[in-house]
1. Being over 16 Å from residue 366 (Cα atoms) and either crowded, with 17+ Cβ neighbours inside 10 Å or touching a helix residue (DSSP H, G or I) at 6+ places or on another chain (Cβ under 9 Å) (or both) is true for just one of 434, 415. Which residue is that?
2. Of the residues 228, 201, 212, only one is within 30 Å of residue 307 (Cβ to Cβ), touching a residue at least 60 places away in the same chain (Cβ under 8 Å) and surrounded by fewer than 22 Cβ atoms within 10 Å (Cβ to Cβ); which?
3. Regarding residue 228, is this residue farther than 28 Å from residue 290 by Cα, within 16 Å of the chain's Cα centre (by Cα) and modelled with pLDDT under 85?
4. Suppose the filter is within 22 Å of residue 274 (Cβ to Cβ), in a helix (DSSP H, G or I) and touching a helix residue (DSSP H, G or I) at 6+ places or on another chain (Cβ under 7 Å); does residue 185 pass it?
5. Which of the following residues is farther than 22 Å from residue 212 by Cβ and part of a helix (DSSP H, G or I): 164, 137?
6. I'd like to check which helices (runs of 4 or more DSSP H) are fully inside segment 280-373 and have at least 2 residues that are under 27 Å from the mean Cα position of the chain (by Cα) and at positive phi.
7. Does segment 356-369 hold any residues that are touching a residue at least 40 places away in the same chain (Cβ under 8 Å) and under 20 Å from residue 454 (Cα atoms), and which are they?
């Protein structure tokens, strides 16, 4: 007992001696020392970096691209420039491909079919239907993708796209979605199928589904021609000639921004209903600005994205061409099957501010949005009997511009309401079959695939119906 008491006294004495040797403010001084050393190291490195013109330039650029005042205007400007380069740059390559595949290739195939005595119906299905539709998809789809995807990849390599995600992160988090959805939405501007594939960068399954279900609200390159054509022919002509191009361009840009707003709105709705949950946070490291790697950019954009997506579109365009030719040429009671279908769909089209021809064109053009306008022109000529247009004959898709185009649309009784509702419906309708198939491949779920197909379609019907009703009541 005495021994243990003695031991405790020794331990107490030792503790008191240690307490006396270690100052009471030792911890505070040690923390201060750590901070001072850290500040010294950071100051030394920062001083060296601060002398670098490159770092100073990057800091100024970051202040411009991520500022609350300038970040969004610059982002819209960059989007407008990329779209302008894509649209203008694709005109001549598209015209060249159209000339080679349709103006030269199509007559050559028709002559070959006639020389071997091919039956008219087989000639029609294979050449006027399947070949012509596929040629249209390639000529309209390939050049814009071959321009847009390299530009997109250049912005990605340069380091600007992470800054876009940084700017939009707050909005998507408020909508219950992931900040990286901003990047998948941007990718959808080139092709919705590619945008769906890009959702793989989102780790959360819930937020990945939200990004997939809403990606169709990003205008893909297959819908830009419709938007530009209608805005130019109808909305641009409402302004004085000097401002016609500006009004048309502003109308198309407004549709693209409306798509962003609908993406946020539907993401918010999904995150509070069938996909409830809080938006996950993620650490976004803004990478340094880097010079683009040209060879890597070309491979990534042309092989991994452009060719891959184009091949899927061709697979679905081939049977679509056969269907389009068949409904335009099969006769029932002295009228084509297409004319009967247009009569059935006219009431629905009128309620949406459209007409039966446009509704039917969107039904048969599910495989590819690129063939909507040629199908509309073909069906309008067929039902109205307009002469002097559609050189390839009734029941065969064609495209025209200028006065013949205005003549066809006038014969179809198009109005400004028709144009506005068509632009809205082009923004909000079911995805193309390539995108639908890609959604199924990514989700492996029939439920989510069906929802992704019908969600934008139902919203488009509601929007167009409301606009048509308000228009007719007020004007």
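1. Working: 434 fails: over 16 Å from residue 366 (Cα atoms).
Residue meeting the stated conditions: 415.
2. On the way: 201 fails: touching a residue at least 60 places away in the same chain (Cβ under 8 Å); 212 fails: surrounded by fewer than 22 Cβ atoms within 10 Å (Cβ to Cβ).
Just a single option satisfies the conditions, and that option is 228.
3. Details: farther than 28 Å from residue 290 by Cα: yes; within 16 Å of the chain's Cα centre (by Cα): yes; modelled with pLDDT under 85: yes.
The answer is yes for residue 228.
4. Values: within 22 Å of residue 274 (Cβ to Cβ): yes; in a helix (DSSP H, G or I): yes; touching a helix residue (DSSP H, G or I) at 6+ places or on another chain (Cβ under 7 Å): yes.
Spelling it out, residue 185 is indeed within 22 Å of residue 274 (Cβ to Cβ), in a helix (DSSP H, G or I) and touching a helix residue (DSSP H, G or I) at 6+ places or on another chain (Cβ under 7 Å).
5. Numbers: 164 fails: farther than 22 Å from residue 212 by Cβ.
Every option except 137 fails the conditions.
6. Per the criteria, no element qualifies.
7. Looking only at segment 356-369, we keep the residues that are touching a residue at least 40 places away in the same chain (Cβ under 8 Å), and these are 357-358, 362, 364-369.
Selection gives 358, 362, 364, 365, 366, 367, 368, 369.
Listed here are the residues, each with its yes/no results for (1) crowded, with 24+ Cβ neighbours inside 10 Å; (2) at pLDDT below 85.
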| residue | (1), (2) |
| --- | --- |
| 113 | no, no |
| 117 | no, no |
| 129 | yes, no |
| 145 | yes, yes |
| 165 | no, yes |
| 174 | no, no |
| 194 | yes, no |
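The values are calculated or read from the model by the stated rules, or taken from the named source; none is laboratory data. All values reported here derive from a predicted model rather than from experimental measurement. Glycine also receives a Cβ, built like all others from the backbone with ideal geometry; neighbour counts cover every protein chain displayed.
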